[in-house]
1. Has region 109-119 got any residue that is among the charged types (D, E, K, R), touching a residue at least 60 places away in the same chain (Cβ under 8 Å) and more than 18 Å from Ile157 (Cα to Cα)?
2. Given the conditions (1) within 20 Å of Arg99 (Cβ to Cβ); (2) assigned to a strand (DSSP E or B), which single one is not true for Arg15?
3. Could you please let me know if Gly108 is within 14 Å of the chain's Cα centre (by Cα) and either surrounded by fewer than 20 Cβ atoms within 10 Å (Cβ to Cβ) or modelled with pLDDT of 90 or more (or both)?
4. All but one of (1) outside any strand (DSSP E or B); (2) surrounded by fewer than 18 Cβ atoms within 10 Å (Cβ to Cβ) hold for Thr44, so report the exception by its number.
5. Would you confirm, using the coordinates I've provided, whether Asn51 is without any contact (Cβ under 8 Å) to a residue 60 or more places away in the chain, in the same structural domain as Lys130 (by TED's automatic domain parsing) and surrounded by fewer than 20 Cβ atoms within 10 Å (Cβ to Cβ)?
6. Of all residues in region 230-255 being among the β-branched types (Val, Ile, Thr) and surrounded by fewer than 21 Cβ atoms within 10 Å (Cβ to Cβ), which is modelled with the lowest pLDDT?
7. So Glu293 ticks every box in (1) at pLDDT 85 or above; (2) touching a strand residue (DSSP E or B) at 6+ places or on another chain (Cβ under 8 Å); (3) surrounded by fewer than 17 Cβ atoms within 10 Å (Cβ to Cβ) but one. Which box is left unticked?
Amino acid sequence: MLMLVQGSTEKKMARARLVRDLKSTLTCQGTRNVGFPGGNVNHTLYSNGENRLWCAFGETIHDTAVPRYWNAFGIYKPDQSAQMMSVEINIAMNSNTARVAGFFARDGETGDIFLMHSGKVGGGRPGIGKTAFMVWSKAKPVDVADGEGGSRSGLVIGRLGAPDFADHIWKFVRTVQNFKDQATDGSLDDPEFREKVEAFEKYSREFSGTKKGMRDSAFEYVTYHGDIVQALYNDRARRLVCGESILSSTLIDLFVKKDGALTEVYEVKTGVGRQMLYTAIGQLVTHATLGGEDVARILVIPADDDIPEDLGRAIAALGIRVRRFRLDRSVPGTGIALD
């Protein structure tokens, strides 16, 4: 399970490692001007070249209601006078308030520390916000226990100390920037996207409550989850008929509606451990109740894993269909192959 890193000393150490990891991977570009809505500031930038990740680390910000570590990221444009910030992943120094989007989480089994982000994407422009970003990106937040019976949800960016830590941050930065670009040029200002945002909010409200559960320890789930959902989305989109739409929410990986009525619910798991399958069965059965008796329930699991015999019987008895996926980097875009 993931646990919030709460102590100020441990946060300071984690932030120092974040900076050290990225500085060891990227090249110093000297002092550059960093632009953001409302102003700009000069900072030392690190990047490995044009149109690639850049990052800057400011001194701790104390002159604010929530003192924080400042970590800025963007796409490097060496010929521009100001490097525009795509996203900040700031860390509150003395708390884990939701007012600051970034935070650290520790895996209770391995001790690994992960950089997290709440999904709250700013930008000061209409159409840019957390719900719209979650819908557009199909990102899957996970619950992180706070040690007091509750939890905070967030997106896993990457593991500190991992050889590909910078690559994971780069992927997140590109996702945020692509979302902002589309929101700015009006690509998301259409009835279909607004319907998805409204459905996302509606379904999240209907199944909301005090979150006390904690995610499975398999980090692969959060690493590849978005790619798997995107592959499902692409596959299902090719078979859409008139009146159908594909949607998602914080609690439902993917679902299909026809003429406003729920017809299909999908749940992705990256393993077939008993706890994973118990959870998946419960999610599918529960979420399907938002529709009629004929809602299709589809469980999506790895191609090479065998379902325990008794759970296989239960899945069949409940009318849950099983789809398989496998990692296949030759597949364009997602790197996920579906059966």
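1. Yes, region 109-119 has at least one match.
2. Condition (2) is where Arg15 drops out.
3. no
4. With (1) outside any strand (DSSP E or B); (2) surrounded by fewer than 18 Cβ atoms within 10 Å (Cβ to Cβ) applied to Thr44, the lone miss is (1).
5. The answer is yes for Asn51.
6. Thr250
7. With (1) at pLDDT 85 or above; (2) touching a strand residue (DSSP E or B) at 6+ places or on another chain (Cβ under 8 Å); (3) surrounded by fewer than 17 Cβ atoms within 10 Å (Cβ to Cβ) applied to Glu293, the lone miss is (2).
The values are calculated or read from the model by the stated rules, or taken from the named source; none is laboratory data. Quick caveat, the model's predicted, so the values are computed rather than measured. Positions of Cβ are backbone-derived with ideal geometry, glycine not excepted, and every protein chain shown enters the neighbour counts.
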